[in-house]
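Below you'll find the structure, written out as structure tokens, and then a few comments.
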Amino acid sequence: YDWHSDNSPDHPLFVYSNSQGDVKTIFWPEAVRAVHRAARIVRSRTQPATDGKPCIVGILAASGSLFFDHCLCEVHRSLTITFLLDIISSFTLVVGVLRAGYVPFLISPRNSAPAVAHLLADTGTRHILLGHDQPLKDLVSEALGILKDDTKYSSLPALPGVSLVPLFGDIYRPTEEP
């Protein structure tokens, strides 16, 4: 992606309408800065693997085709309306996880807690980036409880860490930082 930033700086990667109906364009250089920012966020929350196995980062968040800009996300979170991780943020986060040197593992929020526990254990997920809405938090809490209490998972070295998925405003900032 860095190549596109250097060689196609005037080429748009995303075009969307914000909450005011204004058409916005994200060009490659801005997207690549956001990917780097997402990678830094993920690295700061995740310990690299020391056992030679790839570090799996689970992403458990409802996603949708609707775009929510940072302001709208703040409004939705404060009203506890279900948060949808927009497509632009989803793409950027997955590429950011790859950029960090980790393996992204997208987990459907439609899974049951026992299914999520099984998936986390089976893949060796080390960290979960979790959506902001309460049902997802409850789902992961229950899945981690299963991993902790069920004897069939007693051989797990540790439970995965959990942090909230970064929002659009966290990874797409108007600053020029790399």
Quiz item: Given 0.36 nm per residue, what is the gain on full extension from R40 to D22 after removing their alpha carbon distance, in nm?
Solution: 3.5 nm
Quiz item: Quick one: how many Å² of E30 are accessible to a 1.4 Å probe, rounded to 10?
Solution: 60 Å²
Exercise. Could you calculate the contour length gain from L106 to A49, that is, 0.36 nm times the residue separation minus the distance between their Cα atoms, to one decimal place in nm?
Key: 18.6 nm
Practice problem: With a cut-off of at most 10 other beta carbons within 10 Å, and DSSP calling the residue loop, which trypsin sites (Lys or Arg not before Pro) in the stretch 98-178 qualify? Please list them. | Solution: R110
Quiz item: Using 0.36 nm per residue, how much length does the chain from D150 to D10 gain when fully extended, once their Cα-Cα distance is taken away?
Solution: 45.0 nm
Self-check item: Tensor-based shape of the stretch 1-51 (alpha-carbon gyration tensor, a/c under 1.5 rounded, otherwise prolate or oblate)
Solution: oblate
Quiz item: In percent, what relative contact order does the stretch 128-178 have, based on Cα pairs under 8 Å that are 6 or more apart in sequence?
Solution: 48 percent
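The values are calculated or read from the model by the stated rules, or taken from the named source; none is laboratory data. A quick note: this is a predicted structure, and the numbers were derived from the prediction, not measured. For neighbour counting, all protein chains shown are included, and Cβ atoms are generated from backbone atoms with ideal geometry for every residue, glycine included. The area values use the complete protein model at the heavy-atom level, side chains included, leaving out ligands, DNA and RNA. Shrake-Rupley method; radii C 1.70, N 1.55, O 1.52, S 1.80 Å.
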